[in-house]
Amino acid sequence: MPVDEKTRDAVDIGQLDIPPELPITRIEVEDYTDSDGDPSLRLLVVLGESVEIDQNTGKLISDLKSRIRKSLREHGITVFPYIFLAKQSELDSRDDDEE
């Protein structure tokens, strides 16, 4: 199932009810095949650099994931979304390590 406009709309940060205490830079979505060979989605949520992971943000992140899944369902997307979170600096650091 190729990622289509409906899927992109479902994870549009301008449309999602994102807690203001959890700044998000962007959400990337791509097709993914899980370990059973089933079609699914892989979402990367890029958090703002100011986000510190603790008990409070853990609850916010859990809520965010629930809201993303709900939005996908409301847009008719039924495949399972694997949701990953990272800060841009973590992604940049990983890219540097691969070079």
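Taken together, the values in this text are just the output of simple stated rules run on the coordinates, not laboratory data. Values in this document were obtained by computation on a predicted structure and should not be read as measured data. Using ideal geometry, Cβ is built from the backbone for each residue, glycine included, and neighbour counts are taken over all protein chains shown.
Could you list, in sequence order, the residues of region 24-59 that are surrounded by 16 or more Cβ atoms within 10 Å (Cβ to Cβ) and more than 17 Å from VAL11 (Cβ to Cβ)?
Those that are surrounded by 16 or more Cβ atoms within 10 Å (Cβ to Cβ) and more than 17 Å from VAL11 (Cβ to Cβ): VAL51, THR57.
Go through region 50-99 residue by residue and tally those that are touching a Pro at 6+ places or on another chain (Cβ under 7 Å), assigned to a loop (DSSP other than H, G, I, E, B) and under 23 Å from ASP31 (Cα atoms).
So the count comes out to 1.
I'd like to know if region 10-23 contains one or more residues that are part of a helix (DSSP H, G or I) and surrounded by 11 or more Cβ atoms within 10 Å (Cβ to Cβ).
Let us first name the residues in region 10-23 that are part of a helix (DSSP H, G or I), namely 10.
From what is left, the residues that are surrounded by 11 or more Cβ atoms within 10 Å (Cβ to Cβ) are 10.
Checking region 10-23: at least one residue is part of a helix (DSSP H, G or I) and surrounded by 11 or more Cβ atoms within 10 Å (Cβ to Cβ).
Just the residues that are more than 10 Å from the chain's Cα centre (by Cα) and closer than 18 Å to SER62 by Cβ, please, taken from region 14-50.
LEU16, ASP17, ILE18, PRO19, PRO20, GLU21, LEU22, PRO23, GLY48
Spot the failing condition for ARG67; the list is (1) of a type outside the set (Ser, Thr, Tyr); (2) surrounded by 16 or more Cβ atoms within 10 Å (Cβ to Cβ); (3) in contact with an Asp or Glu (Cβ under 6 Å, 6 or more places away or on another chain), and only one is missed.
(2)
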